[in-house]
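**Student:** Here it is, the structure, as structure tokens.
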Amino acid sequence: MTPCSSAPHKSAAPAAASSDLHNPALPEPISPASHKTALPSTPAPMPVTHAMSAAHMRWLEYPLLLLVPACMVASLIWTDIPAAALMLLVVIVVLVLFFMSYDRARPGLRQLMPVLVLSALAAAGRILFAPIPDVKPVSAIAIIAGVALGRREGFMVGALAALTSNFFFGQGMWTPWQMYAWGLVGYGAGLLNDAHLIMRLNGQPRMALVLTYGALSGFIFGAIINSYDILGFVRPLTWGGAIARLVSALPFDILHSLATCAFLAVLFVPWIRRIERVVQKFMLHGYE
């Protein structure tokens with residue numbers, strides 16, 4: 001009798017379990033697929049090592065940009081070295097490392113689009129005003145980019161505008177120097193804005209300071225290009241030869257400064273407002 005009496009107990013357990021599964025009082029089981037879709041989707045965080053390397057590259061910007069004038073001073077002291085080739089090599093290395101630093105931040109397409117658009121506008125403006133020497137909107141647009149987007153974006157706009165427009169004017173050993181000079185103009189504007197010297201807290205610009213920096217930018221650009229020209233190609237290097245070269249370039253630097261002020265007076269306020277609307281609409285904050 002024992003084997004016959006134990007058989008119903010074995011079959012009763014599955015029956016009880018199956019009745020529990022169909023009990024309307026119990027919650028429905030969650031399928032694996034529905035469980036996966038219920039989880040919130042969060043973007044993967046940036047690796048710590050990548051974030052640290054990007055921060056380190058960003059802090060290297062200052063010594064990188066100061067390396068070029070340091071090389072100029074060295075060429076002035078040691079006149080027996082091949083100054084032109086050495087300074088050209090240094091400025092190319094600086095540009096490559098700066099571009100690598102910008103790429104390390106992994107800017108998305110939304111962050112890249114304003115930089116590319118402003119670079120294209122600056123290059124097109126340079127080509128459009130080609131018949132008038134040194135009347136170019138490149139410095140003004142680089143300044144606007146530095147103020148509206150950040151110092152690194154200001155550098156990128158100035159450098160890319162010089163590189164792309166020289167496909168029309170002609171590439172040469174002057175291209176890296178123009179990239180560095182116009183990039184430095186945009187970078188300086190970003191530094192001034194970081195110090196809250198250009199834009200007030202209410203969003204209104206200090207146009208007097210904007211125009212002052214615009215006037216200085218023409219001489220900053222000229223000082224870099226003229227220094228490379230003098231240190232690299234004036235032989236023998238004498239005070240008389242250097243002064244003569246500077247005097248011959250002074251009218252063009254003055255015209256560059258006046259033209260930059262004129263472009264800033266017309267473009268700065270409307271372009272800054274439009275760029276700020278784009279930045280707010282597409283949440284393009286956090287450039288630096």
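The values are calculated or read from the model by the stated rules, or taken from the named source; none is laboratory data. Note that the structure is a prediction, hence the values are computed from the model and not measured. Cβ sites come from the backbone with ideal geometry, for glycine too, and all protein chains shown count toward neighbours. The accessibility values were calculated without ligands, DNA or RNA, using every heavy atom of the protein model including side chains. Shrake-Rupley method; radii C 1.70, N 1.55, O 1.52, S 1.80 Å.
**Student:** Could you grab the Rg to Rh ratio for the range 61-193? Cα atoms only, Kirkwood for Rh.
**Tutor:** Working: Rg = 15.0 Å, Rh = 15.1 Å.
Rg/Rh: 0.99.
**Student:** On the accessible surface of the range 134-224, probed at 1.4 Å, how many percent belong to carbon and sulfur atoms?
**Tutor:** Solvent-exposed carbon and sulfur of the range 134-224 make up 71 percent of the total.
**Student:** Let me have the relative contact order for the range 184-273, percent, based on Cα pairs under 8 Å that are six or more residues apart. Intermediate values should be presented prior to the final figure.
**Tutor:** Values: 53 pairs, mean separation 29.2, N = 90.
32 percent.
**Student:** Rank-order 143-151, 158-166 by packing density, defined as the average count of other C-beta atoms within 10 Å over each peptide's residues, highest first. Show your work: numbers first, answer last.
**Tutor:** Details: 143-151: 27.0, 158-166: 23.9.
Put in order of decreasing packing, that is 143-151, 158-166.
**Student:** Sort the following peptides by mean Cβ neighbour count (other Cβ atoms within 10 Å, averaged over residues), highest first: 105-112, 169-176.
**Tutor:** 169-176, 105-112
**Student:** A follow-up question, please. Which value results for Rg/Rh of the range 120-268 when Rg is the Cα radius of gyration and Rh the Kirkwood radius based on the inverse mean 1/r? Kindly include the intermediate steps, with their values, before the conclusion.
**Tutor:** Numbers: Rg = 15.4 Å, Rh = 15.5 Å.
Reported Rg/Rh (Cα atoms, Kirkwood Rh): 0.99.
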